[in-house]
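Coordinate-derived values only; no laboratory data. Keep in mind that what you see is a predicted model, and the values were worked out from it rather than measured. FYI the Cβ positions are ideal-geometry reconstructions off the backbone, even for glycines, and counts take in every protein chain you see.
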Amino acid sequence: MKDYRLPSEGKMNIYHPPSGATSKAYVSGLKYSNKLEDMNGLEEGLEFLPTMNAKKVEKRGPKRCIAAIAIVLVCLLLSLLAGFLVWHFRYRNAPVQKVYNGHLRLVGRNFIDAYENSNSPEFADLAREVKKMLINIYKNNQDVSPFHKETQIVAFSEGSIIAYYWSEFSVPKHNVEALDRAMANIQASNEAGMKQRGSYEMRVETVVAFPSDPDIIKAKRDNSCSYALHAKEGVVTSFTTPGFPNSAYPSNARCLWVLRADADSVISLTFTTFDLEPCNVGNDFVKVYDTLSPVEAHALVKLCGSYGPSYNLTFVSSTNVLLVMLITDATERYPGFKAEFFQMPKKKNCGADLTAISGTFSSPYYPAHYPPGMDCVWNIVVPTDKRAKVRFNNFFLAEPGIPLNSCPKDYVEVNNVKYCGEKKQFVILSKTNKISVRFHSDLSLVDSGFSAEFMSYQTNDPCPGKFACNTGRCIAKTLRCDGYNDCTDASDEKNCTCTEKQFRCRNGYCKPKLWFCDGMDDCGDGSDEAECKCPANNIRCSNGNCIPESKKCDGKDDCGDGSDEGSCGRVDTVSCKTYTYKCRNNQCLSKKNPECDGNKDCSDNSDEDNCNCGKRFYSKQSRIVGGEDSDEGEWPWQVSFHTKDTGHFCGATLISQNWVVSAAHCFQDDWRRHLDHRTITAYMGLLDQGDRSNSNVQQRGLKRVIRHPYFNDASYDNDIAVAELSSPVEFNKYIQPICLPDVTHDFPVGKSLWVTGWGATQESGNGASILQKLEIRVINQTVCRSLMVPNDVTDRMMCVGVLTGGKDACQGDSGGPLVSLEANNTLFLAGVVSWGEGCAKRNKPGMYTRVSALRAWIKEQTGV
Ligand code: ARG
């Protein structure tokens, strides 16, 4: 049975269509009784031929035989007919319940406040009239009228008057399509001259109807949470899910918040806290609509899961209404959300004429999500002796499943090219001193838009003394043809002659010879890795060796590095090797990285023990502004070490309530003298160094520091230490331990890892105030050795970075975490920031202590 939320002459309550109506039973005339007497009667009345008489039957001749066949045939036909009738009445012709949500515009009457209150007599009067008019419209349509069951007017809003309604139909299956078509065109037929005259001067101008989301109406739900709120001038109004923040939101609920503002205003809505069931776990979600009926065509956004506090969750309506709907399922419940809204004057027009040498512009209400249904044009004109260019610094016009080449929904159009999706900074040049930028948003699903700059450049030379990328970016001439894509569109690497230190990829690019067969597709077409392929029926090991395919997963380390036994699909117990994961019961697994991946692989389940680690409280982090600033709770294991004299001097990582891991070199001063651990304070739950008194922060002294006994302060080999906190910390959203990788844990070449810290943001620069995050990749150990002084790189070190330069840890990040997001959304500590040659230099990756190699030592010292 369907279940809709409607007002019944006033307050919202549940509407159940009468049950008889939904499932009319067509009975085919046959009657059965299961009463005992009848059953006996039936048995007595039937005569079966005794098997012993079989011969007699055969001898009775052909006439009887034909009669028997005829009887059988007639019976068959009869039962076919009965079956057809049942099918026809019961299934083919079975009526389907269809519900359409819509709105219509009334002109010829003024809006009064009482229309916002569905309990008022004025509401009831107008609703009655509008309903009559709507039914009249249906009456003129043969595909609609016969099936109409029920219509209700749900709400009114100002402008001049918008009425929101739903209509329910009971329609035979084979008429559904025609009904859908008729309802979709109901506006057209109405506009086409039918302008319905009501009994007064009032008339219907436009009607819109949408089939309703079956997800929303199918399940039976608790509807007791419905609210109507009107923005007050100059005031921010807030609302929350029921019980927030002290108790969870109700299950099986459909909550609605009708938000209204004065005519000629729009609404700005912000979710300040958002914590729902994770999207992949259940079906709880919030939808925001740009109208007062929940129709998909006007949905602005669907939200689920939890968002970090700095995530931009501000939405702007296109008119003076918004509808917020919360749908919850029967399973586990979460705290919910807190939201606030206010009204602001509706912008008369967006876009502008911009005449200057340079300037900025952005999508409407940026950085809030832009409203739907916008069309803005910026006409940019720079001085006549120059040419114009536009640089998009932030660009978010993304919708799931939208083709990025045609941009059929929201887009920015410049020089007749449409742009959509999510983009890194890009530049568009004009061949004249003019350039115009058009922004379009359709009626559903919005994003946070763009911010852009326009500039002018010299006609003859867009990049004086530099190389001009096709993207408009200017880069140093030395970066041309060096094998690195500096322009982001690789225009600096086109039409190059390779030097003797480079090889030519099949696609024409020149790349450093060093990258040949390093396990990464550097050419982009795989040609740098193709020729290092092994002979037929052989596979390539991670260390470059070739072995016969038949030796893969045979339980023997044929590669020499275990890579042929690492991931063998099914999980087997194998004989133990240095590279096989060992369960507590001493059985070894053929599966790579089985720890805390959500599957119980060991027969004693020990691979899933101690997995209360590496989890973030917030499932979604901010994706805009501030480049690499972290969110609160994004890296809850991050620790900051302070001394009174230096302030922050090193990072560390929480591995339990009272132990942290850091770098050994953090505990010596510039003259290699040991630091006294009593002078050190550890801060947990910290985001901003300038806000250490924040209530999320827990501060501890150190009871002791244990440096690795083989730490070499010249080579930085074994650069690891553990420190015990003076007393345990309390875990919460902001403070959590990281997972430690098993000694066999593999972080393969090319894998993305994240490093975090408050270190210098450029070489010999100042430290950051907000915790910074950076995504970098694991670099092949052999390539790394050839880039650094080869003997400097030991097996206890890991090279991670971006060989193009520009992305690296730096002074002050030392001791801090390098983490890897693994199966089951679990984060592992792959490395500890250790050393580097300067910071972020090209071909000089950052060096990290390889935690898996020192795993046993950590366990010995801390028990973790
Ligand atoms: N040793 C430095 C420190 O004490 C960190 C060096 C990291 N450098 C690098 N380029 N990744 O903070």
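Over the stretch 599-652, one equal point on each Cα, no solvent: what is log10 I(q)/I(0) by the Debye formula at q = 0.16, 0.17, 0.25 Å⁻¹?
Once normalised to I(0) and log-transformed, intensities are -0.76, -0.79, -1.00.
Once you order the gyration tensor axes a ≥ b ≥ c over the Cα atoms, which shape class does the stretch 458-560 get: rounded for a/c under 1.5, otherwise prolate or oblate by comparing a/b with b/c?
Taking the square roots of the gyration eigenvalues as a ≥ b ≥ c, the stretch 458-560 is prolate.
When ranked by the protection proxy of mean other Cβ atoms within 10 Å per residue, highest first, what sequence do the peptides 399-408, 70-79, 728-737, 446-455 form?
Top of the packing list down: 446-455, 728-737, 399-408, 70-79.
Just how many pairs of Lys in the stretch 370-449 have C-alpha atoms closer than 18 Å, counting pairs that are eight or more places apart or on different chains?
11
Dipole of the chain (Lys/Arg Cβ +1, Asp/Glu Cβ -1, origin at the Cα centre): which of 271, 294, 517 lies farthest to the positive side?
The residue sitting most towards the positive pole is 294.
If packing is taken as the average number of other Cβ atoms within 10 Å across a peptide's residues, how do 110-118, 483-491 rank, most packed first?
Output ranking for 110-118, 483-491: 483-491, 110-118.
Considering only 355, 395, 343, whose Cα is most displaced toward the positive end of the charge dipole of the stretch 340-449, charges sitting on Cβ of Lys, Arg (+1) and Asp, Glu (-1)?
Result: 355.
Once you charge only the Cβ atoms, +1 for Lys and Arg and -1 for Asp and Glu, what is the size of the charge dipole of the stretch 785-864 about its Cα centre, to the nearest 20 debye?
Charge dipole of the stretch 785-864: 140 debye, to the nearest 20.
Residues with beta-carbon under 9 Å from that of residue 429, excluding residue 429: net charge, scoring Lys, Arg +1 and Asp, Glu -1?
+3
Looking at the square roots a ≥ b ≥ c of the eigenvalues of the Cα gyration tensor of the stretch 306-383, which shape do they give, rounded for a/c under 1.5, prolate if a/b is larger than b/c, or oblate?
Since a/c reaches 1.5 and a/b is larger than b/c, the shape of the stretch 306-383 is classed as prolate.
In 10 Å bins starting at 0, how do the alpha-carbon pair distances of the stretch 299-345 split up by percent?
Binned Cα distances yield the sequence 16, 52, 27, 5, 0.
Please label the shape of the stretch 610-683 as rounded, prolate or oblate, based on the square roots a ≥ b ≥ c of the eigenvalues of the alpha-carbon gyration tensor (a/c under 1.5 means rounded; beyond that, a/b larger than b/c means prolate, else oblate).
oblate
Under the rule of -39500 (n - 2.57) per DSSP H run of 4 or more residues, summed and divided by the residues of the chain, what mean residue ellipticity at 222 nm is obtained, to the nearest 500 deg cm²/dmol?
-3500 deg cm²/dmol
Any of 556/600; 477/620; 501/592 with alpha carbons more than 29 Å apart? Name them for me.
Flagged as over cut-off: 477/620; 501/592.
May I ask you to list the aspartates and glutamates whose Cα is less than 13 Å away from that of residue 348, ignoring any residue fewer than eight positions away on the same chain?
Straight-distance partners of residue 348: 264, 375.
Go through the stretch 650-717 and name the trypsin sites (Lys or Arg not before Pro) that are in a DSSP coil and have 14 or fewer other Cβ atoms within 10 Å of their Cβ.
Passing both the DSSP loop test and the Cβ count: 672, 673.
To check you understand DSSP bridge types, tell me what percent of the beta bridges within the chain (both residues inside) are antiparallel, rounded to 5.
90
So what's the chain giving for Rg/Rh, alpha carbon basis, Kirkwood Rh from the mean inverse pair distance?
Value, to two decimals: 1.07.
Among 117, 312, 283, which residue has its Cα positioned farthest towards the positive end of the charge dipole of the chain, with +1 placed on the Cβ of Lys and Arg, -1 on the Cβ of Asp and Glu, and the dipole taken about the Cα centre?
117
Magnitude of the Cβ-charge dipole of the chain, K/R +1 and D/E -1, about the Cα centre, nearest 20 debye?
Its charge dipole is roughly 2080 debye.
Quick check: residue separation of residue 425 and residue 402 times 0.36 nm, minus the Cα distance between them. What number comes out in nm?
6.2 nm
Using only the Cα atoms of the stretch 693-799, each taken as one equal point scatterer with no solvent, compute I(q) by the Debye sum, divide by I(0), and report log10 of the ratio at q = 0.13, 0.14 Å⁻¹.
Values returned for q = 0.13, 0.14 Å⁻¹ are -0.78, -0.91.
Can you check what the net charge comes to around residue 793, using other residues whose Cβ is under 15 Å from the Cβ of residue 793 (Lys, Arg +1; Asp, Glu -1)?
-2
Could you give the DSSP H helices of the chain that reach 30 angstrom or more along their long axis (alpha carbon positions) and whose average Kyte-Doolittle hydropathy is no lower than -0.5?
62-86
Given the peptides 603-609, 338-344, 151-157, arrange them by the average over their residues of other C-beta atoms within 10 Å, most packed first.
151-157, 338-344, 603-609
Return the whole-Å distance between the Cα centroid of the stretch 760-821 and the Cα centroid of the stretch 273-325.
If you average the Cα positions of each part, the centres end up 39 Å apart.
Add +1 for every Lys or Arg and -1 for every Asp or Glu among the other residues with Cβ under 11 Å from the Cβ of residue 742, and state the total.
Once all neighbours under 11 Å are counted, the net charge is +1.
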